[in-house]
1. When only alpha-carbon atoms count, how far does the stretch 85-161 stretch along each of its three principal axes, as whole angstroms with the largest first?
2. Starting from the Cα-Cα distance between residue 257 and residue 99, subtract it from 0.36 nm times their residue separation and give me the gain in nm to one decimal.
3. Taking just the C-alpha trace of the stretch 196-349, give me its Rg and Dmax in Å.
4. What dipole magnitude, in Debye to the nearest 20, does the stretch 13-135 give about its Cα centre under +1 on Lys/Arg Cβ and -1 on Asp/Glu Cβ?
5. Work out the FRET efficiency for residue 360 and residue 283 from their Cβ-Cβ distance, taking R0 = 25 Å, and round it to the nearest 0.05.
6. Among DSSP beta bridges lying fully in the stretch 223-372, give the percent that are antiparallel, nearest 5.
7. Given a 1.4 angstrom probe, what's the average accessible area per residue across the chain, in square angstrom?
8. Distance in nm between label sites at residue 71 and residue 1, each 7 Å beyond Cα in the beta-carbon direction?
Amino acid sequence: MEYGVTAGLDIGTTKVCVVISQKDVYGDILVLGVGVAPSYGLRKGVIVNIDSTTESIAKAVEAAEVMAGVDVDELYTGITGGHIKGQNSRGVIAVSSRNREVTYREVDRVIEAAQAINYPTDKEIIHVIPWEFIVDEQDGVKDPVGMSGVRLEVDAHIVTGGATALQNITKSVNRAGFNVEDFVLSSLASAEAVLSEDEKEVGVILIDIGGGTTDTILFVNGSIQYSSVFPVGGKYVTKDISVGLKIPDNIAEKVKLEHGFCSKEYMKSEDDIEISGVGGRGSKVVPQMTLCNIIEPRVEEILDLVYRDLVRKNALELASGGIVLTGGTASLLGIEEIAERIFNLPVRMALPDNVIGLRDKIASPIYSTALGLSIYGLREDSTGVFESQQNKRGIFRRMKSSLSEFAKEFFA
Ligand SMILES: Nc1ncnc2c1ncn2[C@@H]1O[C@H](COP(=O)(O)OP(=O)(O)OP(=O)(O)O)[C@@H](O)[C@H]1O
Ligand SMILES: [Mg+2]
């Protein structure tokens, strides 16, 4: 693959999307190509049909390659689904170097110690992301190398995922003719595309509501302290419309996209909605409020699920910066109002539009994950030009690369 160019692959429940990008000399993200193909081989974010997923991946990559004029071989690939679990863990070691100075060796050892968590044998570690080190009694240390102490601790966020789900992604990508460069938690990728560094410092929760999953991640002090995947999304909303109005799924989806809203202040007029072509029975007339009354409770239920988990894990109180919504379902008119009511925090809807190049092609919340994967890849790639930024994340990067080696061995 061309030097300094990366590709992100988002295998979503409704579409497979590939974004190819590059950083220009000013550090701006230049989007070179975007490819999208409908996805039929997934349920709730997890591959259930390899052939069909392989086909979608091949189509999406080819479209992005043609647009970008570059060949892709490695893909930073997103991972989501109900099998994903985020948990926090603390590692503790004694500093054993001769002059009691923390070196990279100690950092590796303490991160290793943090990985000693209980997780089922059918799960794999995807990320180990340290958020702070503690040297003796001193907490809040971002980079302990060079400090003196006898005891080194680390608090880290660990993400695990089902081994077979990972294998099925690798298989589908390989069969399409490409390699997985690295697995990246989808919400972490979306965060790369839509959150600002300031928000991540203050404390912010990103909720990516797609078709089959709702991916949530909390950043505070620049690091991840909570992540969770809820296997619910816009497909449930469509199903409710289909059952409620007694219309087929495909028509329900169209009605949702054309007329859907979930807070009554967004009712455009008193006019009824005319739904045509319902199974040869001609058209059907539905009051707008009926549609809102179907969509609103489901959206509330999805956001309430997220709210309750955040409260249970003491994570909500850390998000002084508020809530950011992205993913296709975040396009529903009125969803911000519902989220404000549930979380009692400021809410904004975010598009991945902080880029140059094909900005208009990518400025939709459905592309946050794919763009973010490609940006994540740019950060991982050592191009030398962006060294200062990479050094800032030195420890995180080193951890990731050793883990991806591990993953490569595992799937070899
Ligand atoms: N304007 C819109 N109004 C309402 N819903 C929308 C709109 N645009 C897209 N959606 C819904 O968003 C969902 C698709 O979002 P997205 O592309 O983020 O999901 P995905 O990445 O394919 O799935 P997942 O991340 O859940 O695996 C669909 O359910 C679609 O109906
Ligand atoms: Mg998605």
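The values are calculated or read from the model by the stated rules, or taken from the named source; none is laboratory data. Nothing here was measured: the structure is a model prediction, and the numbers come from that model. Ideal geometry is used to build each Cβ from the backbone, glycine not excepted, and the neighbour counts take in all protein chains shown. Keep in mind that these areas ignore ligands, DNA and RNA; they rest on the heavy atoms of the full protein, side chains included. Shrake-Rupley method; radii C 1.70, N 1.55, O 1.52, S 1.80 Å.
1. 41, 22, 16
2. On the way: separation 158, 0.36 × 158 = 56.88 nm, distance 6.46 nm.
Length gained between residue 257 and residue 99: 50.4 nm.
3. 17.0, 58
4. With Lys and Arg at +1 and Asp and Glu at -1, about 660 debye.
5. Details: r = 34 Å, r/R0 = 1.38.
Once rounded, the FRET efficiency stands at 0.15.
6. Values: 4 of 8 bridges.
Counting DSSP beta bridges with both partners in the stretch 223-372, the antiparallel share is about 50 percent.
7. On the way: 18100 Å² over 412 residues.
The answer is 44 Å² per residue.
8. Output for this residue pair reads 1.5 nm.
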